[in-house]
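Written below as structure tokens is the structure these notes are about.
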Amino acid sequence: MNVIESTALGKRYRRTWALRDCTLDIPGGHIVALVGPNGAGKTTLLTMAVGLTRPTEGGVTVLGGVPAGSPDALEGIAFVAQDAPLYRNLPVADMLRVARNLNRCWDQRRADDRLDRLGIPPRQQVGDLSGGQKAQLALTIALARRPGLLVLDEPLAALDPVAREDFMASVVEAAREDDLSVVLSSHVLAELERVATYLIVLAGGQVQVAGSVKELLASHGAGLEEIALRHLRAGVPTTSGTDTAR
């Protein structure tokens, strides 16, 4: 099953194309690294996949053919943006209550257990949490929804190295325990290299390379970061194996 599938997908803002002619199949069961420079179209692709933005042209489906933005799609996807919508003046426990009331599917025990293991006090105000704790709280809210697909847009950008490592360890653990597919955008290639099983490189609003990490490593004879940089510099679309991207 493809967790995200797009056909000739494009998004234009006035005269500028943020993403254009993007045809892409992202298979389930992976931790997908979506990488590219600022302005490459990463956020545009993800916001269309989760239903926050409508395409200018083309189409996108999720979770095996469900139209993006439909009620079924929204139930099955959890999205964490770089600036997670957390209310600074609320205690953590109240932030969870707000999230619970906004979501039809909610696992309170999952949320409480995660925060307990992370040592995040339920009575502490969200605004007093560290950057790493806020990221973990946003991730906890996403996982309590019990999604089939977790989409994370630049979650590492504001974190220090220790918090980045802890956050990525939490993502890997959740993917394993919950049988969860993950799509994670970032330009911090070093952090993604240790955990990603599938790589997509975006540049100039178009896919430059897409494929499983194992196949790409075997065919390129280089590390993941070098592969990504090579295609970002070349700007020539390629594919790996039977994966389609253009």
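Every read-out reported here was derived from the displayed coordinates using simple, explicitly stated rules and does not represent laboratory data. Source: prediction; values computed, not measured. Glycine gets a Cβ as well: all are built from the backbone with ideal geometry, and neighbour counts include every protein chain shown.
Rounded to the nearest 500, the helix-only mean residue ellipticity at 222 nm of the chain stands at -11000 deg cm²/dmol, with each DSSP H run of n ≥ 4 adding -39,500 (n - 2.57).
Given N residues in segment 152-228, what is its alpha carbon radius of gyration divided by 2.2 N^0.38 Å? Kindly include the intermediate steps, with their values, before the conclusion.
Details: Rg = 12.9 Å, N = 77, 2.2 N^0.38 = 11.5 Å.
Scaled against compact globular proteins, the figure is 1.12.
Scattering from segment 105-246 was approximated by placing one identical point on each alpha carbon and applying the Debye formula without solvent; log10 I(q)/I(0) at 0.11, 0.18, 0.19 1/Å stands at -0.48, -1.04, -1.12.
Going from the residue with the fewest nearby Cβ atoms within 10 Å to the one with the most, Arg117, Arg123, Arg164, Arg146 rank Arg123, Arg117, Arg146, Arg164. In terms of other Cβ atoms within 10 Å, Val162, Val172, Val32 run from fewest to most in the order Val162, Val172, Val32. Scaling against 2.2 N^0.38 Å puts the C-alpha radius of gyration of segment 97-170 at 1.08. Dipole check for the chain: with +1 at the C-beta of Lys and Arg, -1 at the C-beta of Asp and Glu, and the Cα centre as origin, the magnitude is about 720 Debye. Highest mobility in the GNM of the chain, judged by mean-square fluctuation with C-alpha springs under 10 Å and restricted to Gly59, Gly69, Gly127, is found for Gly127. Converting phi to 3J(HN,Hα) with the Karplus coefficients 6.51, -1.76 and 1.60 and the offset θ = phi - 60°, segment 74-88 yields 5, 5, x, 10, 10, 10, 10, 7, 4, 9, 4, x, 9, 8, 4 Hz in sequence order, with x at every glycine or proline.
What order do you get for 207-215, 7-15 when each peptide is scored by the mean count of other beta carbon atoms within 10 Å, highest first?
Values: 207-215: 21.8, 7-15: 14.7.
Highest-to-lowest ranking by the protection proxy: 207-215, 7-15.
Pairs of alpha carbons in segment 35-96 separated by more than 14 Å make up 65% of all such pairs. Taking every alpha-carbon pair in segment 187-226 and binning the separations at 5 Å intervals from zero gives 6, 23, 34, 25, 11, 1 percent. Comparing Thr53, Thr16, Thr61 in a Gaussian network model of the chain (Cα springs below 10 Å), the most mobile by mean-square fluctuation is Thr16. Annotation: Cα Rg of the chain relative to the compact-globule expectation 2.2 N^0.38 Å equals 0.99. Within a straight-line Cα-Cα reach of under 19 Å, Lys42 can be paired with the following lysines, leaving aside sequence neighbours fewer than 8 residues apart in one chain: Lys11. At q = 0.12, 0.17, 0.20 Å⁻¹ the log10 of I(q)/I(0) for segment 12-154 amounts to -0.56, -1.00, -1.23, computed by Debye summation with a single uniform scatterer per C-alpha, solvent ignored.
With the contact rule set at Cα under 8 Å and sequence spacing of 6 or more, what percent relative contact order holds for the chain? The value is 25 percent.
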